[in-house]
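Accompanying notes for the structure given below.
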Amino acid sequence: MPKTLFIDSTPDIDKVWKRVHGPKDIAITINMGPVDEKDVPARAAGYDTVINDATYFSAPTLEKCRDLRHIVFLGTGAASFVDVAAAQKLGIKVSTISGYGDTTVAEHAMGLVFAAARHIATMHGIVRGGAWRPMAGMELRGKTLGIVGLGGIGCEMARIAQGIGLKVLAYNRTPKPGCVPLDELLAKSDIVSLHLGLNDETRGFIDRGKLAKTRPGVILVNTARAGVVDEAALIEALRSGQVGHYATDVFNKEPVTADEPLLKLDNVTLTSHAGYNTPEAAMTMYRRAIDLAAAG
């Protein structure tokens, strides 16, 4: 039976976790996070399996986790927090969980579309600050939404978008019926929503060249992973107005620190990697995590 540690639970996670983890399941030690990476080896000592929400496991850290044989990552984007190649070399299995929150994440992405199109977060801050500035927004009906990555979340995004009158274009790295070339999508879309997994092929996928092919003033939404966008190129495009607004739920470093360049820009809407975070999606994800840990 694997000796398992949930290395970085939170009070919010724990409320749902207790509804899922039952007396017939394997024993799992709960450590409340966050956990600084320098403390990871000591916390993980003696455990062969670690369930990980948002703790960093770089190659040097993995080398120090001498008992570790399996990381169960809560989500699909393990590469944002775990050096997967290093883990493989060390014989550490990395399991991910997909499909648990396709609707939940798509709903969050559409919420970011509305927020960006109508400057909701910006006006909220202005009004809370005691000022008043009605800002002209974009009516979405009849506009074109480009979906980059037509997996489960992308398909849900398309369904929701069509329901509110958006025209939908889609691109998928593996060709699918009805998809269009990426250059066509970028040229025709008023809004581009990213739904790509992060791997060696997609890191920096939305680069300077691709941003230059978008419509001037495009809204770019990212509920995938920060790494799929070249951040330096994005900052330039936001400052020039080529990208009119960037709405993101994901960052290169989480939690964000004071030196995060997006914090210095006005034409952004930022949420704290919560797109997956509903009880419905969480219960599905935690159930699968427990089962994966038990399977070894």
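All of the numbers you see were taken from the coordinates with simple rules; none came from a lab. Computed from a predicted structure; not experimentally measured. Glycine also receives a Cβ, built like all others from the backbone with ideal geometry; neighbour counts cover every protein chain displayed.
Relative to the Cα centre, the charge distribution of region 156-217, modelled as +1 at Lys and Arg Cβ and -1 at Asp and Glu Cβ, gives a dipole magnitude of about 120 debye.
Around the Cα centre of region 53-173, unit charges on the Cβ atoms of Lys, Arg, Asp and Glu (plus for the first two, minus for the last two) sum to a dipole of about 240 debye.
According to the Kirkwood relation over distinct C-alpha pairs, the hydrodynamic radius of region 68-176 is 16.9 Å.
Stokes-Einstein, applied to the Kirkwood radius of region 1-57 over Cα pairs at a viscosity of 1.002 mPa s and 20 °C, places its translational diffusion at 181 µm² s⁻¹.
As a length-normalised measure over Cα pairs under 8 Å and 6 or more apart, the relative contact order of the chain settles at 18 percent.
In the frame of its principal axes, region 180-287 has Cα extents of 43, 37, 26 Å, reported largest first. Taking all C-alpha pairs of the chain, those more than 33 Å from each other amount to 28 percent. Listed by chain and number, the aspartates and glutamates placed with their C-alpha closer than 18 angstrom to that of K188 are E139, D207; residues fewer than eight positions away on the same chain are left out. Treating each Cα of region 102-270 as one equal point scatterer and applying the Debye formula with no solvent, the log10 of I(q)/I(0) at q = 0.08, 0.14, 0.15, 0.20 Å⁻¹ comes out as -0.22, -0.69, -0.79, -1.46. Quick check on my link table: of K167/K210; K213/K264; K15/K93; K89/K264; K176/K213; K89/K213, which ones sit more than 31 Å apart, alpha carbon to alpha carbon? With Cα atoms farther than 31 Å apart: K89/K264; K89/K213.
When the chain is treated as a GNM, springs tying every alpha-carbon pair under 10 Å, which of P216, P175, P279 comes out with the largest mean-square fluctuation? The residue that fluctuates most here is P175. Globularity index of region 32-78 is 1.04 (Cα radius of gyration / 2.2 N^0.38 Å, N = number of residues).
Taking a sphere under 12 Å around the Cβ of I219 and counting the other residues whose Cβ falls inside, with K and R at +1 and D and E at -1, yields a net charge of +2. For region 102-270, what is the charge dipole size about the Cα centre, in debye to the nearest 20, if Lys and Arg each add +1 at the Cβ and Asp and Glu each add -1 at the Cβ? Using only the charged Cβ atoms, the result is roughly 500 debye. The residue among A109, T144, Y246 whose Cα reaches farthest toward the positive pole of the charge dipole of region 102-270, with charges on the beta-carbon of Lys, Arg, Asp and Glu, is T144.
The value obtained for region 30-116, namely the Cα convex hull volume divided by the number of residues, is 116 Å³ per residue.
For region 9-44, backbone nitrogen atoms closer than 18 Å to the point 7 Å from A294 Cα along Cα-to-C-beta are found at 17-30.
Report summary: the helix-based calculation at 222 nm, which adds -39500 (n - 2.57) for every DSSP H run with n ≥ 4 and divides by the residues of the chain, gives -10000 deg cm²/dmol.
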